[in-house]
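Chemist: Have a look at this one.
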Amino acid sequence: MEEYVMPEKKKSGKGTVMKATLLVVLVGALIVLASSMVVTHENEYTLIKQFGKIERVVETAGLSFKVPFIQSTSTLPKQIMFYDLAPSDVFTKDKKTMVADSYVLWEISNPQLFVQTTDSQMAQAEKALNAAVYKAMKTVISSLDQTEVISGRDGELTRMIMDSVGDSMMQYGITLLDVEIKRLDLPDDNKAAVYERMISERNNIAASYIAEGEAEATKIRTQTDYEIAISVSEAKANAAAIVAEGEAEYMRILSKAYEDEARSDFYTFVLSLDAAKASLTGENKTLILDEDSPIAQIFNTIE
């Protein structure tokens, strides 16, 4: 009975140990596998480091692997980032003070260089951005008069600032994408005085334009009056010529008519009647003539 039982117990103990060992190995393998897996998201870089030194950078989203327990990982943002610069005073070429409030859009383009120069600190990167952009803005604005700065708000000023910054941020592994000026204004202490001066200048310009307009209007009116006077004079001269021509024709017809005695008597008679008719005005139709008057003589000769 003992010889039968004892082997069974030994066999059971050996199987338990094997199962425990297999479980430990399996758990260890899972831990090692989990420690070697690296998941990289779409909006980040994954830095794989060994003894503090960057061995490689994973830029593509997905699953990758590292040496477990020896290599470590860290991440950096891959998306476009926004940095709002603090408002600062700048001076124009004509010694006018202005307050510039701006922001920048930037991204990390070289993760290894970024880590080396900024120690992965966003504050250090923003400090470098602030210094570079402010220096460029001060340089550009100091080369322009105040009126040129204001007129450059349509994009020209931004382009000049970007050109001034150039590729200076590449030394930090940073690419500067855009610089935008939110506000470019005058300091509060001299804003009222500047506005008054600008209003006075605009009023002077307006007065100059009005004076030029009135002078031009006077010139146009004088020229128009002159042309009208010439036209009227020519019209009167033409009318006088036509009247003279008509009167000459009238006299020619009368002269021709009076050449014939019969016609002469007829025309004299008709004219006498017209004269008599013209003298009969109002309600009194009585015509009183002296017998020596030409009209009475005409009527006396009628048989």
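Nothing in this text is a laboratory measurement; each read-out follows from the coordinates by a stated rule. Computed from a predicted structure; not experimentally measured. Cβ placement follows ideal geometry from the backbone for every residue including glycine, while neighbour counts extend to all protein chains displayed.
Chemist: What is the sum of charges, Lys and Arg at +1 and Asp and Glu at -1, for the other residues whose Cβ falls under 9 Å from the Cβ of ILE48?
Modeler: Local charge sum for ILE48: +2.
Chemist: Can I ask one more? Starting from 0.36 nm per residue, how many nanometres of slack lie between ALA61 and SER109 once their C-alpha separation is accounted for?
Modeler: 15.7 nm
Chemist: Nothing charged except the Cβ atoms of Lys and Arg (+1) and of Asp and Glu (-1): what's the magnitude of the dipole of region 127-210 about its Cα centre? Round to the nearest 20 debye.
Modeler: Computed charge dipole of region 127-210: roughly 180 debye.
Chemist: State the three equivalent ellipsoid semi-axes of region 114-240, derived from the C-alpha gyration tensor as the square roots of 5 times its eigenvalues, in descending order and whole Å.
Modeler: Ellipsoid half-lengths, sorted descending, are 63, 18, 8 Å.
Chemist: Per residue and in cubic angstrom, what volume does the convex hull of the Cα atoms of region 8-118 have?
Modeler: Per-residue hull volume (Cα only) is 139 Å³.
Chemist: What pairs from LYS14/LYS66; LYS96/LYS182; LYS93/LYS127; LYS53/LYS182; LYS53/LYS78; LYS95/LYS182 go past 31 Å between their alpha carbons?
Modeler: LYS14/LYS66; LYS53/LYS182
Chemist: Charges only on Cβ, +1 for Lys and Arg, -1 for Asp and Glu: so what's the dipole of region 1-146 about the Cα centre, in debye to the nearest 20?
Modeler: 500 debye
Chemist: So, one more: Could you quote the convex hull projected area for region 127-181, Cα atoms only and averaged over all directions, in nm²?
Modeler: For region 127-181, the mean projected area of the Cα convex hull comes to 3.6 nm².
Chemist: Label LEU186 and GLU227 with points 7 Å out from Cα along Cα→Cβ: what is the distance between them in nm?
Modeler: 4.6 nm
Chemist: Provide Rg over Rh for region 17-80; use the alpha carbon set for both Rg and the Kirkwood Rh (inverse mean inverse pair distance).
Modeler: Answer for region 17-80: 1.16.
Chemist: Right, another one. Work through the residues other than VAL58 whose Cβ is under 10 Å from its Cβ and net out their charges, Lys, Arg +1 and Asp, Glu -1.
Modeler: Around VAL58, the surrounding residues sum to 0.
Chemist: OK, next. On average, how much area does the Cα convex hull of region 50-198 cover when viewed from any direction, in nm²?
Modeler: Projected area, direction-averaged: 10.5 nm².
Chemist: In the neighborhood of ALA206, defined by Cβ-to-Cβ distances under 13 Å, what is the net charge if each Lys or Arg adds +1 and each Asp or Glu adds -1?
Modeler: -2
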